[in-house]
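Visitor: Quick one: structure below, then a few questions.
The values are calculated or read from the model by the stated rules, or taken from the named source; none is laboratory data. Remember, predicted model here, so these are calculated numbers, not experimental data. Counting neighbours? That spans all protein chains shown, and the Cβs are built from the backbone with ideal geometry, glycine included. In case anyone asks, the SASA skips ligands and DNA or RNA and just uses the protein heavy atoms, side chains included. Shrake-Rupley method; radii C 1.70, N 1.55, O 1.52, S 1.80 Å.
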Amino acid sequence: MPAPIQIGNAVIHRIVEQEAPLFDAMTFFPTMTKEFLDENRGWLQPRFIDAEDKLILCIQSYIVRTPHHTIMIDSCVGNHKPRPTRSFWHMMNSDRYEKNLAAAGFSMNDIDFVMCTHLHPDHVGWNTRLENGRWVPTFPRARYLFADRELAFWSKRQQDEPAACPWITDSVLPIVAANRADIVKSAHAFNDLVALIPTPGHTIDHFSVQVGKAGADAIITGDMIHSPLQARYPELGMVADYDSKIAGQSRRDLFGRVCDTSTLMCTAHFPSPSTGRVVRHRDGFDFIDA
Ligand SMILES: [Zn+2]
C-alpha cells in the first residue's frame, strides 16, 4: 500500500486501480519522431516505458484528508462500464480499487467531495456504480465538483454523439441528475487549504488541485502532464489533448512557478510512487523523486 503523504495538517493517500504498460508511446505522443524517442529511451526505460515502447501508467485516485473534509480527486475507470475503444478498461470487474480504498482506511461513506480534474473516462469512472441496472452515485454522502466549461463541453458532446463518450452517459450525467454536482470555476478557492487552479489544454477547462500553503504544499496535477517526457519537453502534446499548444503553455506556467521549490507534485499517471518535485533541466524541467 502506498505510504500516506503528510502536507501541513493534511494527509494525501493514493488509491491505485491499475498500473501497467497501457499505451504505445509513439501513438500516445503523435508528434514524437522515432529519433526523438531513441534519444530519450535511455532515461525512460525501464521505469516509464517498457521494452516494447509502451508507456507504463498508473491509474489512481488521490484522497486528501484535511481537518474538515475527506476529498477524492479523480475517480479512475470504474466497474461494469462499456469502453469499447479501450480493451483494458472495457467492462472492468475488479475488487482491486475498493480493496485499496479499504486498506487505506476509507469506506464509501467517508468521502465528502469528489473533484474531477477533467471529464475523461479514467477520471470519472467510480463517480457511479451499477445498482439494479441504474447508475447511482458511488459515494452516498459526496458532492461532486465539476468545472463549468468542462461540464458544458462534454454535455454538448454527449448530446451530439453519445457513442463517442459513453463515460459521460454513465459516470457524469447521473451525478448531475441526482443533484450531486457542484459546478464551479476552474479557478476556485474551495477553502483555506484547498484550491482549484486552471491548467487547461488537455481538456477545455482542466484544473489541478493545490493543497496546503506555500512552504508545505502539494499540487495534484491531474492530466496536465502524463509522462516526465512532457516536463523535459513541455510542448510535447498527447493524442487526446483538446489543444496541445495551450496544454504546453499550462505546463510551462505551472512548472515555472513550482520549480526549485518544495511543492510536491502528485501526478495522475506517472508510475509509482507518482510524486516528485520539479527542477529545471536545460530549457525544460525534470521531476525528481520525492
Ligand atoms: Zn487520465
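Visitor: So which of 285, 270, 255 ends up being over 20 Å from residue 211 (Cα atoms), in contact with a Pro (Cβ under 8 Å, 6 or more places away or on another chain) and either assigned to a strand (DSSP E or B) or aromatic (Phe, Trp, Tyr) (or both)?
Guide: Details: 270 fails: over 20 Å from residue 211 (Cα atoms); 255 fails: over 20 Å from residue 211 (Cα atoms).
Only one candidate qualifies: 285.
Visitor: Among the listed residues 240, 247, which satisfies the condition of being within 17 Å of residue 59 (Cα to Cα) and within 16 Å of the ligand (Cβ to nearest atom)? Lay out the reasoning, then the answer.
Guide: Numbers: 247 fails: within 17 Å of residue 59 (Cα to Cα).
The match here is 240.
Visitor: May I pose another question? Do you know which of the residues in region 1-41 that are part of a loop (DSSP other than H, G, I, E, B) and of a type in the set (Val, Ile, Thr) is surrounded by the most Cβ atoms within 10 Å (Cβ to Cβ)? Explain how you work it out, then say what you get.
Guide: Pass one, region 1-41, residues part of a loop (DSSP other than H, G, I, E, B): 1-4, 8-9, 29-33.
From what is left, the residues that are of a type in the set (Val, Ile, Thr) are 31, 33.
Values: 31: 12, 33: 10.
It comes out as 31.
Visitor: Going by what's in this entry, would residue 193 be described as more than 15 Å from the ligand (Cβ to nearest atom), over 18 Å from residue 89 (Cβ atoms), in contact (Cβ under 8 Å) with a residue 24 or more places away in the chain and touching a Ser or Thr at 6+ places or on another chain (Cβ under 6 Å)? First the steps, then the outcome.
Guide: Numbers: more than 15 Å from the ligand (Cβ to nearest atom): yes; over 18 Å from residue 89 (Cβ atoms): yes; in contact (Cβ under 8 Å) with a residue 24 or more places away in the chain: yes; touching a Ser or Thr at 6+ places or on another chain (Cβ under 6 Å): yes.
Criteria met by residue 193.
Visitor: Of the numbered conditions (1) open to solvent by 20 Å² or more (accessible area, probe 1.4 Å); (2) farther than 15 Å from residue 273 by Cα, residue 56 satisfies every one except a single condition; which is it?
Guide: (2)
Visitor: Exactly one of (1) more than 20 Å from the chain's Cα centre (by Cα); (2) not in a loop (DSSP other than H, G, I, E, B) is unmet by residue 144. Its number?
Guide: (1)
Visitor: In addition: Every residue in region 93-143 that is among the charged types (D, E, K, R) and either within 16 Å of the ligand (Cβ to nearest atom) or open to solvent by 70 Å² or more (accessible area, probe 1.4 Å) (or both), please. Please lay out each step first, then the result.
Guide: Going residue by residue through region 93-143, those that are among the charged types (D, E, K, R) are 95-96, 98-99, 110, 112, 122, 129, 131, 134, 141, 143.
Of everything in region 93-143, those that are among the charged types (D, E, K, R) and either within 16 Å of the ligand (Cβ to nearest atom) or open to solvent by 70 Å² or more (accessible area, probe 1.4 Å) (or both) turn out to be 95, 96, 98, 99, 122, 129, 131, 134, 141, 143.
Visitor: Collect the residues in region 232-252 that are open to solvent by less than 40 Å² (accessible area, probe 1.4 Å) and in a helix (DSSP H, G or I), keeping them in residue-number order.
Guide: We begin by selecting, within region 232-252, every residue open to solvent by less than 40 Å² (accessible area, probe 1.4 Å); these are 234, 236-238, 241, 247-248, 250-251.
Matches in region 232-252: 247, 248, 250, 251.
Visitor: Is it the case, given these coordinates, that residue 186 is of a type in the set (S, T, N, Q), within 28 Å of residue 85 (Cβ to Cβ) and not in a helix (DSSP H, G or I)?
Guide: yes
Visitor: Which numbered condition trips up residue 213, out of (1) under 20 Å from residue 76 (Cα atoms); (2) at pLDDT below 95?
Guide: Tallying (1) under 20 Å from residue 76 (Cα atoms); (2) at pLDDT below 95, residue 213 fails exactly one: (1).
Visitor: Look through region 147-183, keep the residues that are surrounded by 13 or more Cβ atoms within 10 Å (Cβ to Cβ) and not in a helix (DSSP H, G or I), and return whichever of them is farthest from the chain's Cα centre (by Cα).
Guide: Kept after step one, since they are surrounded by 13 or more Cβ atoms within 10 Å (Cβ to Cβ), are these residues of region 147-183: 147-155, 157-158, 165-176, 178, 180-183.
In the following step, the residues that additionally are not in a helix (DSSP H, G or I) were identified as 147, 165, 172, 178, 180-183.
Values: 147: 14, 165: 17, 172: 15, 178: 24, 180: 20, 181: 18, 182: 19, 183: 18 Å.
Top of the filtered list is 178.
Visitor: For region 197-223, what are the residues that are within 16 Å of the ligand (Cβ to nearest atom) and either touching a His at 6+ places or on another chain (Cβ under 7 Å) or open to solvent by 10 Å² or more (accessible area, probe 1.4 Å) (or both)?
Guide: The answer is 199, 200, 202, 203, 204, 206, 222, 223.
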